[in-house]
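All of the numbers you see were taken from the coordinates with simple rules; none came from a lab. None of these values were measured; they are calculated from a predicted model. Cβ placement follows ideal geometry from the backbone for every residue including glycine, while neighbour counts extend to all protein chains displayed.
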Amino acid sequence: MKSLYNIQMKKCFYFIFISFLIIFSCKKVEKEPSPNILKTNNSDSIIRINENKRILSKIINSFNKAKKIAITEQSTIQGIIQGEKKLESIKFSHFSYRLKCLDEDTFNDFILKNKFSIKIKDDFYTQKKIVILKEQEIKEVFKDFIYIGWKKFYKKFGEETQGLLNLSRIGYNNKKNKAMIYYSNQSNSTSGAGYIITLEKINSKWKICSSTMVWIS
């Protein structure tokens, strides 16, 4: 009887242990907080973080067919600025006629923010697998001929990856109901593009208002 009891106790222990592993190995997909939760929080910095997260997630989820998204770790506006060109040389008039929702407050905040780069964190509202790539890791993959580099890229990160996504910091107007962001995506040596988009917050949700292509390869 004692040996039978020990066997049953062991089985029970194994069942609990396996159940524990299954529960904690499942990936939790964070849902967007409701607008009411954001309104009750008086911290502007926390609200701004949530708005950044909503907008960046919108871009990431726009890659409908991709199961995995590879993102460069540092925010960048490479593509808007090329060669010796400086950020201060970019004027509101360069984009206002192409972006109907763009106002000067939003544009000026975008320029100010992107004077400094920040690290992009894996913190999005998405079910896609996110891979954040450091600069050295990208250089290592593409250190050889660019064509070979892309072969190495997809071998390492999988064919289900959308390519390599670059994100800028987000500019807002004073009322925090309009936004501007630049992003680019390169999927091979001859397929890539960079875009600036403006968004407007309508009924607590960010809607793309206008967009323009900055470059294409």
Ordered by residue, what ³J(HN,Hα) values in Hz, to whole numbers, does segment 57-70 give under the Karplus form 6.51 cos²θ - 1.76 cosθ + 1.60, where θ = phi - 60° and Gly and Pro are x? 5, 4, 5, 4, 6, 6, 7, 4, 7, 7, 8, 10, 10, 9
Among residues other than SER75 whose Cβ falls under 13 Å from its Cβ, what is the net charge (Lys/Arg +1, Asp/Glu -1)? +3
From the Cα trace of segment 34-216, what convex hull volume per residue do you get, rounded to a whole Å³? 124 Å³
Taking the Cβ of each residue in PHE157, PHE92 as the centre, tally the other Cβ atoms inside 10 Å and list the residues starting with the fewest. PHE92, PHE157
So if we plug the beta-carbon distance of LYS151 and THR126 into 1/(1 + (r/R0)^6) with R0 = 22 Å, what FRET efficiency do we get, rounded to 0.05? 0.25
At a threshold of 8 angstrom on Cα-Cα distance, excluding pairs fewer than six apart, so keeping six or more, what relative contact order does segment 34-216 reach in percent? 26 percent
Selection of GluC sites (Glu not before Pro), segment 63-116, meeting DSSP coil and at most 15 other Cβ within 10 Å: GLU84
Within a Cβ distance under 14 Å of TYR154, other residues only, what is the Lys/Arg minus Asp/Glu net charge? +4
Which of MET180, MET213 has the fewest Cβ neighbours within 10 Å, and the rest in rising order: MET213, MET180
Just flag the GluC sites (Glu not before Pro) in segment 108-217 sitting in loop per DSSP whose Cβ has no more than 10 other Cβ atoms within 10 Å. GLU159
The FRET efficiency for LYS67 and ALA193, from their Cβ-Cβ distance with R0 = 25 Å and rounded to 0.05, is 0.75
What's the center-to-center distance, using Cα atoms, between segment 52-116 and segment 172-217 in Å? 6 Å
Ordering 108-114, 128-134 by per-residue average of other C-beta atoms within 10 angstrom, highest first, gives 108-114, 128-134
Report the FRET efficiency, 1/(1 + (r/R0)^6), for ASN52 and GLU159, where r is their Cβ-Cβ distance and R0 is 35 Å, rounded to 0.05. 0.70
Fully extended contour minus Cα-Cα distance, from ARG98 to TRP215, at 0.36 nm per residue: 40.7 nm
